[in-house]
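I have placed the structure first, in the form of structure tokens, so that the comments after it can refer back to it.
The values are calculated or read from the model by the stated rules, or taken from the named source; none is laboratory data. This is a predicted model, so every value here is computed, not measured. Neighbour counts run over all protein chains shown; Cβ positions are idealised from the backbone, glycine included. With ligands, DNA and RNA removed, areas are computed over all heavy atoms of the protein, side chains included. Shrake-Rupley method; radii C 1.70, N 1.55, O 1.52, S 1.80 Å.
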Amino acid sequence: MTSHAEIEQAAFRLFAEQGFEATTVEAIAAEIGVSRRTLFRYYSSKNDIPWGQFDRTLDGFRQILAGMPTDLPLHEAVHRGVLAFNEFPEDSQPPHRDRMRLILRTPALQAHSVLRYAEWRAVIADYVADRRGLEADDLMPRTVGHVSLALALSAYEQWLESPDASLPTLLEAAMASLAEHLAT
């Protein structure tokens, strides 16, 4: 039986050997011995594979934020939520650094990433709106989503450029500045 993990591992092997753009869905399917149609039951496009089970991950992010104590200041809740969302086991396969390098440095994935980033920002905007009694598309919740993404992406870019850097440390430093944006 095929799994998301099996597809991702095979795809990342092929991406490393052939490059993202040169790797076809047919090649990924053949690598794991399934049909193209079967592969599409797991991922709707090749562009979705580097993101893993992102919809499920976003559900987990919603749960993380929903579990924050209501007496915790909003900036601290978002800060802690983003840090918790970005906790990955050291032995993840494919390695998280490889996944993020592909997502952040592959031009062919940039348009697709915009869609995924919007979904991520929406989780934060929904949470902030709920906490503040606002609509998710009001300026403040929307801004917090955008700022949080910018801070996280800055930490990820630094992490990819510095092989010895700690992602949690970089995220902590980047997210600490969020307090300035939410302090009221």
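If we only count helices (runs of 4 or more DSSP H) wholly inside the range 77-184, which ones have 3 or more residues that are under 23 Å from residue 55 (Cβ atoms) and open to solvent by less than 30 Å² (accessible area, probe 1.4 Å)?
By residue number, 96-105, 110-132, 139-161.
Could you please tell me which pairs satisfy a Cβ distance under 7 Å, a separation of 6+ or placement on different chains, a first residue in the range 1-21 that is buried (at least 21 other Cβ atoms within 10 Å of the Cβ), and a second residue that is of a type in the set (Asp, Glu)?
10/31; 12/98
Yes/no matrix, rows are residues, columns are (1) within 29 Å of residue 21 (Cβ to Cβ); (2) at pLDDT below 95:
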| site | (1), (2) |
| --- | --- |
| 75 | no, yes |
| 81 | no, no |
| 92 | yes, yes |
| 95 | yes, yes |
| 134 | no, no |
| 140 | no, no |
| 154 | yes, no |
| 159 | yes, no |
| 174 | no, yes |
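Please enumerate the residues belonging to the range 1-49 that are assigned to a loop (DSSP other than H, G, I, E, B) and charged (D, E, K, R).
Kept after step one, since they are assigned to a loop (DSSP other than H, G, I, E, B), are these residues of the range 1-49: 1-3, 19-24, 33-35, 43-45.
Residue satisfying the conditions is 21 alone.
Look through 44, 35 and report the one residue that is at pLDDT below 95, more than 20 Å from the chain's Cα centre (by Cα), open to solvent by 30 Å² or more (accessible area, probe 1.4 Å) and small (Gly, Ala, Ser).
Working: 44 fails: more than 20 Å from the chain's Cα centre (by Cα).
35 is the lone residue from the list that is at pLDDT below 95, more than 20 Å from the chain's Cα centre (by Cα), open to solvent by 30 Å² or more (accessible area, probe 1.4 Å) and small (Gly, Ala, Ser).
Got a number for residues in the range 103-139 being closer than 20 Å to residue 79 by Cα and of a type in the set (Ser, Thr, Tyr)?
Total meeting the criteria: 2.
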